[in-house]
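Report on one structure; see the data block that follows.
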Amino acid sequence: MTPSPETLLDLHRRMLRIRLFEEEAGRLSEAGRIPGALHLYVGEEAVAAGVAAHLGQGDQVTSTHRGHGHLVAVGGDFRRMFAELFGRATGYCRGKGGSMHIADMDLGMLGANGIVGGGPPIAVGAAFSNKYRKTQNVTACFFGDGASNEGSFHEAANMAGLYRLPLIFVCENNGFGEFTRQDRHQAIRDIADRAAGYGFPGVVVDGMDVIAVYEAAGEAIARARRGEGPTLLECKTYRFYDHVGVRGMGVVYRSDDEVRAWRERDPITLLERRLAELGILDAPGAAAVRDQVHAEVREAVAFAEASPFPDPATLTEDVYAS
Amino acid sequence: MTTATAQRQLPVVMAINEAIRQLMQEDPNVFLAGEDVALYGSVFGFSRGLLDEFGPERVVDTPISEAALVGLGVGAAATGLRPIIDIMFMDFMGVAMDQLVNQAAKMRYMFGGKARLPLTIHTMAGAGLNLAAQHSQSLEAWFCHVPGLKVVMASGPYEAKGLLIAAVHDDSPVIVVNNKALLGLAGHVPEEMYEIPLGQAAVVRPGTNFTIIATGRMVQESLAAAEKLLEHGIDAEVIDPRSLVPLDTATLVESVRKTHRALVVHEAVRFAGFGAEIAAQLQEAAFDYLDAPIGRVGAPFSPVPFSPALEAHYVPNADRIAGEVLRLLGRSG
């Protein structure tokens with residue numbers, strides 16, 4: 001399942017859209033212009049892009065604290081995303097969800113989640129629904145190394161394996177559960193090993209290499225669509241910024257050298273190098289895409305900032321379906 | 001049905017069974033999932049025969065995994081199905097609290113009204129069967145405190161069927177609480193599908209000079225108490241809110257304005273129980289009509305004990321309810 005040139009360009013664009021959205025969100029947060037906590041996805045773009053490139057109409061995604069990347073990857077609208085981060089009425093959640101709960105039901109994005117391990121049981125439900133309705137749709141369940149210690153993950157994995165649900169568990173192993181390094185919260189190194197306990201394959205992939213993620217996700221999703229059940233895809237990746245907020249370097253739980261070393265394997269740089277080698281996209285070409293996305297970001301921020309705050313009368317709306 | 005003799009009697013357990021069968025016949029998107037609900041027909045027997053009729057795709061045995069089970073309902077509801085998720089004992093809700101409170105209850109609000117969550121959680125509460133502290137609780141107050149969840153409690157077979165049907169037809173998450181000590185209680189249940197509208201209380205026994213507001217199994221005990229009170233010349237009105245969220249405060253207030261006195265009865269622990277909410281609302285809305293403080297009867301502040309000798313003192317009964325009414329009236333039993 002080697003990606004075509006068109007697919008490579010699509011992956012590149014998806015990653016750049018995530019990166020530039022996130023960096024702008026980070027700047028706005030640092031400047032105090034958007035309220036609340038921000039959990040940035042920068043560094044992990046290859047995972048969302050490589051998986052989402054296989055998803056389409058009717059498929060679902062369950063997400064994590066770091067949900068912007070997943071929403072952008074499945075086609076999220078920058079204007080409504082920024083508006084939500086700003087807490088405006090025009091936002092995806094009308095200002096009620098914010099960064100940690102951003103969602104687009106129409107795109108099958110069932111929400112970023114403020115609860116670590118909250119997503120896997122819901123992914124089981126969505127996958128059950130796809131199977132029940134006899135669609136060929138799949139659900140991609142993104143979760144982190146930290147979430148893989150939650151009981152909810154294990155319950156969901158067992159159920160998904162038992163019912164052979166059309167589901168892929170995508171572990172974004174960025175090496176840290178919040179601020180605690182993986183070897184201090186797990187006795188194992190490869191979370192993919194856990195799949196064996198539930199009767200389905202576990203695959204480890206380089207999460208900084210979007211082509212590797214794309215190929216492995218493609219196989220897992222094809223398998224799910226064929227009715228052969230779930231796969232656990234563990235993507236080894238790294239978050240360039242902090243667990244929450246931007247800082248990124250010089251903090252007690254990891255060294256600047258470590259961050260620098262991972263940044264040398266920036267997934268976007270790696271793909272751009274490959275694209276240049278293949279003669280698909282040169283440096284000016286990449287810069288042009290960047291400019292395009294930048295313009296999209298700027299326009300969306302302007303839209304968001306110009307949008308009204310929600311009317312206080314909406315405060316108690318949508319607690320229940322009317 | 002024109003005469004009482006023509007009325008079909010059904011125990012609660014069969015009323016639940018019939019409600020689920022009719023709901024599944026009506027709508028292919030309705031399915032039932034839970035621990036032991038399919039092949040075994042549920043440990044309480046309410047799902048017997050459903051597997052044969054609807055097959056394993058729609059009547060689903062699950063692992064003992066309450067978090068994933070409720071999540072199964074959340075994800076399925078969010079993508080267009082109408083799940084009935086059975087949590088065998090209400091006590092086990094604790095294991096699934098995140099999915100209930102942080103996911104199911106909040107999804108619609110957090111997503112700005114975009115999600116529709118027609119999810120029904122069916123469960124059994126209540127003491128009286130010597131099942132002790134982890135299989136006997138009445139935890140409805142936990143869920144009433146969470147915006148986004150609806151909570152209903154059945155007091156008999158008519159209510160069990162009508163509330164379950166209304167819950168499954170509702171587009172919000174609804175927790176349907178049945179009481180395991182009532183499963184064999186028979187009463188009239190219409191054969192056709194019918195809904196008990198959520199948020200509509202029932203005056204179960206009209207009366208003139210005292211209001212007893214009781215939930216779940218305590219409705220039966222309060223009716224028995226009302227009979228005892230007649231001997232003292234007290235004609236008590238018994239009201240079953242049926243739905244705690246949304247709560248039909250108007251019917252309760254109307255009764256208190258008429259009788260000027262009220263007692264709230266529930267099986268759950270009295271302290272911080274749902275009765276406190278009802279009492280507070282009544283004094284806010286009908287203070288000027290009250291001739292005495294509003295009384296509350298509930299379980300003592302302890303886990304449910306095992307020994308029959310202790311449990312009998314734990315669960316409120318007709319004698320205690322009648323005694324409390326007499327006390328509030330300044331009369332000795």
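Could you check how many residues of region A:248-298 are farther than 21 Å from A:Asn173 by Cβ and not aliphatic (A, V, I, L, M)?
Here the count works out to 16.
Step by step: first the residues of region A:118-141, then only those that are open to solvent by less than 10 Å² (accessible area, probe 1.4 Å) and in a loop (DSSP other than H, G, I, E, B), then the one that is nearest to B:Ser65 (Cα to Cα). Which residue is that?
Residue satisfying both the conditions and the ranking: A:Gly118.
Would you check if A:Ala160 is over 21 Å from A:Gly245 (Cα atoms), at the interface with chain B (Cβ under 9 Å from one of its Cβ atoms) and open to solvent by less than 40 Å² (accessible area, probe 1.4 Å)?
The answer is yes for A:Ala160.
Tell me, which helices (runs of 4 or more DSSP H) wholly within region A:9-104 include 1 or more residues that are crowded, with 24+ Cβ neighbours inside 10 Å, within 14 Å of chain B (Cβ to nearest Cβ) and touching a strand residue (DSSP E or B) at 6+ places or on another chain (Cβ under 8 Å)?
In region A:9-104, the matching helices (runs of 4 or more DSSP H) lie at A:68-73.
From A:Asp291, A:Asp242, grab the single residue that is charged (D, E, K, R) and either more than 24 Å from A:Gly146 (Cα to Cα) or exposed (fewer than 14 other Cβ atoms within 10 Å of the Cβ) (or both).
A:Asp291
Of (1) among the acidic types (Asp, Glu); (2) closer than 21 Å to A:Asn130 by Cα; (3) free of Cβ contacts under 8 Å to residues at least 12 places away in the same chain, B:Asp52 satisfies all except one. Which?
So the condition that B:Asp52 fails would be (2).
Report yes if some residue within region B:181-190 is in contact with a His (Cβ under 9 Å, 6 or more places away or on another chain) and in contact (Cβ under 8 Å) with a residue 60 or more places away in the chain; otherwise report no.
no
Just to check your reading of the model, which residue among A:Arg223, A:Arg273 is free of Cβ contacts under 8 Å to residues at least 24 places away in the same chain, assigned to a helix (DSSP H, G or I) and buried (at least 18 other Cβ atoms within 10 Å of the Cβ)?
A:Arg223
Given (1) at the interface with chain B (Cβ under 7 Å from one of its Cβ atoms); (2) buried (at least 24 other Cβ atoms within 10 Å of the Cβ); (3) aliphatic (A, V, I, L, M), where does A:Ile115 come up short, assuming only one miss?
Checking A:Ile115 against (1) at the interface with chain B (Cβ under 7 Å from one of its Cβ atoms); (2) buried (at least 24 other Cβ atoms within 10 Å of the Cβ); (3) aliphatic (A, V, I, L, M), the one that fails is (2).
Can you name the number of the only condition in (1) within 14 Å of chain B (Cβ to nearest Cβ); (2) outside any helix (DSSP H, G or I) that A:Ala313 fails?
The failed condition is (2).
Can you tell me which residue within region B:105-155, out of those that are more than 28 Å from A:Ser129 (Cβ to Cβ) and within 14 Å of chain A (Cβ to nearest Cβ), is least open to solvent (accessible area, probe 1.4 Å)?
The qualifying residue least open to solvent (accessible area, probe 1.4 Å) is B:Cys144.
Conditions first: (1) away from chain A (no Cβ under 14 Å); (2) on the phi < 0 side of the Ramachandran plot; (3) touching a Ser or Thr at 6+ places or on another chain (Cβ under 9 Å). B:Gly216 passes all but one, so which condition is the exception?
(2)
Is it the case, given these coordinates, that B:Ala160 is in contact (Cβ under 8 Å) with a residue 60 or more places away in the chain, open to solvent by less than 10 Å² (accessible area, probe 1.4 Å) and touching a helix residue (DSSP H, G or I) at 6+ places or on another chain (Cβ under 6 Å)?
The answer is yes for B:Ala160.
Inspect region A:253-270 for any residue being at pLDDT below 95, among the basic types (Lys, Arg) and in a loop (DSSP other than H, G, I, E, B) and give the result as yes or no.
yes
Just the residues that are under 26 Å from B:Lys180 (Cα atoms), assigned to a loop (DSSP other than H, G, I, E, B), free of Cβ contacts under 8 Å to residues at least 40 places away in the same chain and touching a helix residue (DSSP H, G or I) at 6+ places or on another chain (Cβ under 7 Å), please, taken from region B:288-333.
B:Pro300
Enumerate the pairs (first residue in region B:272-283 and closer than 18 Å to B:Val219 by Cβ and in a helix (DSSP H, G or I); second residue anywhere and at pLDDT 95 or above and open to solvent by 40 Å² or more (accessible area, probe 1.4 Å)) with beta-carbon separation below 7 Å, excluding pairs fewer than 6 apart on the same chain, so at least 6 apart or on different chains.
Listed pairs, sorted by first residue: B:Gly275/B:Arg296; B:Ala279/B:Arg296.
Can A:Ala287 be described as under 26 Å from the mean Cα position of the chain (by Cα) and either part of a helix (DSSP H, G or I) or within 14 Å of another protein chain (Cβ to nearest Cβ) (or both)?
yes
Count, please, the residues in region B:55-86 that happen to be within 7 Å of chain A (Cβ to nearest Cβ), touching a residue at least 40 places away in the same chain (Cβ under 8 Å) and open to solvent by 10 Å² or more (accessible area, probe 1.4 Å).
1
Taking strands (runs of 3 or more DSSP E) that do not extend beyond region B:197-264, which have at least 3 residues that are surrounded by fewer than 24 Cβ atoms within 10 Å (Cβ to Cβ)?
Because the criterion is at least 3 residues that are surrounded by fewer than 24 Cβ atoms within 10 Å (Cβ to Cβ), the strands (runs of 3 or more DSSP E) in region B:197-264 that meet it are B:202-205.
I need a count of the residues in region A:163-201 that are part of a loop (DSSP other than H, G, I, E, B) and within 14 Å of chain B (Cβ to nearest Cβ).
4
The values are calculated or read from the model by the stated rules, or taken from the named source; none is laboratory data. Just so you know, these numbers come straight off a predicted model, no measurement behind them. Note that each Cβ is placed from the backbone with ideal geometry, even for glycine, and that neighbours are counted across all protein chains shown. Note: accessible area is taken over every heavy atom of the protein model, side chains too, but ligands, DNA and RNA are not part of it. Shrake-Rupley method; radii C 1.70, N 1.55, O 1.52, S 1.80 Å.
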